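Contents: one structure, followed by commentary.
The values are calculated or read from the model by the stated rules, or taken from the named source; none is laboratory data. Quick caveat: nothing in here was measured; it's all calculated off a predicted structure. Reconstructed Cβ throughout: ideal geometry from the backbone, glycine too, with neighbour counts over all protein chains shown. For the accessible areas, the whole protein counts, side chains as well, though only heavy atoms, and no ligand, DNA or RNA atoms are used. Shrake-Rupley method; radii C 1.70, N 1.55, O 1.52, S 1.80 Å.
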Amino acid sequence: MYKFETFSKEETFNLAYKLAEKLKGGELIALEGDLGAGKTVFVKGLAQGLGIDEPVTSPTFSLIHEYEGRISLFHFDVYRLGSPEEIEELGYEEYFYGPGVTAVEWSDLITSHLPQEYLTVKINRSYCQTRGDMRIITLVPQGAYFENMVKELVADDSLGD
Ligand code: ADP
Ligand code: MG
């Protein structure tokens, strides 16, 4: 478990951008956090880090958006799924086990459908007396591949502690 603190949406974006630079394709990033936590901001940073120039918008109603970049990005928001099984109707396996990067907002609603190895990004709002509104971003790697990736990120990121 690795914790980062961000004090603006730009800092959250930059953390995601640096993570994206380590992605090769085939990874799943599972995003947890309340409404307004910063999950979509994080995905925007991932997208730019993957070389995607198109504006990224929340797929709350469409459930999935696809973007072409250095690596394709499949952006899910499963908040409105009636049940975890409904993700099967979207053909989720093609994305989760495909060559692109998949980012899933509200991934805690479909844990039964996540692959064996993935990276969880938990975003919690907090408040700092001196610096105000902040986010605590916890990275929880599942599997050695993501464990190494997060260690590298901590090593070269001054935001890490
Ligand atoms: P979610 O997708 O989790 O519902 P969004 O990413 O859409 O949340 O929105 C996050 C909101 O919080 C944005 O309005 C953003 O400007 C604001 N914000 C304030 N501080 C931060 C921060 N440190 N990191 C990310 N977002 C922040
Ligand atoms: Mg969102």
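Keeping to the stretch 84-125, report how many residues are open to solvent by 40 Å² or more (accessible area, probe 1.4 Å) and not in a helix (DSSP H, G or I).
Count: 7.
Only one of LEU28, LEU23 is surrounded by fewer than 20 Cβ atoms within 10 Å (Cβ to Cβ) and in contact (Cβ under 8 Å) with a residue 40 or more places away in the chain. Can you tell me which?
Checking each option against the conditions leaves just LEU23.
Determine, yes or no, whether LYS44 is within 11 Å of ligand 2 (Cβ to nearest atom), surrounded by 19 or more Cβ atoms within 10 Å (Cβ to Cβ) and under 14 Å from TRP106 (Cβ atoms).
no
If you take the residues of the stretch 11-20 that are farther than 16 Å from ILE52 by Cβ and within 8 Å of ligand 1 (Cβ to nearest atom), which of them is surrounded by the fewest Cβ atoms within 10 Å (Cβ to Cβ)?
So the residue we want is GLU11.
With respect to the numbered conditions (1) part of a loop (DSSP other than H, G, I, E, B); (2) more than 10 Å from ligand 1 (Cβ to nearest atom); (3) open to solvent by 10 Å² or more (accessible area, probe 1.4 Å), which one is the sole condition not fulfilled by SER58?
Here SER58 meets the rest and fails (2).
Give me the pairs: first residue in the stretch 97-114 and closer than 24 Å to GLY49 by Cα, second residue more than 16 Å from ligand 2 (Cβ to nearest atom) and assigned to a helix (DSSP H, G or I), beta-carbon distance under 7 Å, and six or more apart or on different chains, which are they?
Close Cβ pairs satisfying both conditions: THR102/TYR95; THR102/PHE96.
Taking the options VAL140, VAL104, VAL154, name whichever one is under 24 Å from LYS24 (Cα atoms), within 16 Å of ligand 2 (Cβ to nearest atom) and out of contact with any Pro (no Cβ under 9 Å at 6 or more places or on another chain). Step through it out loud before you land on a result.
Details: VAL140 fails: within 16 Å of ligand 2 (Cβ to nearest atom); VAL154 fails: within 16 Å of ligand 2 (Cβ to nearest atom).
From the options VAL140, VAL104, VAL154, the qualifying one is VAL104.
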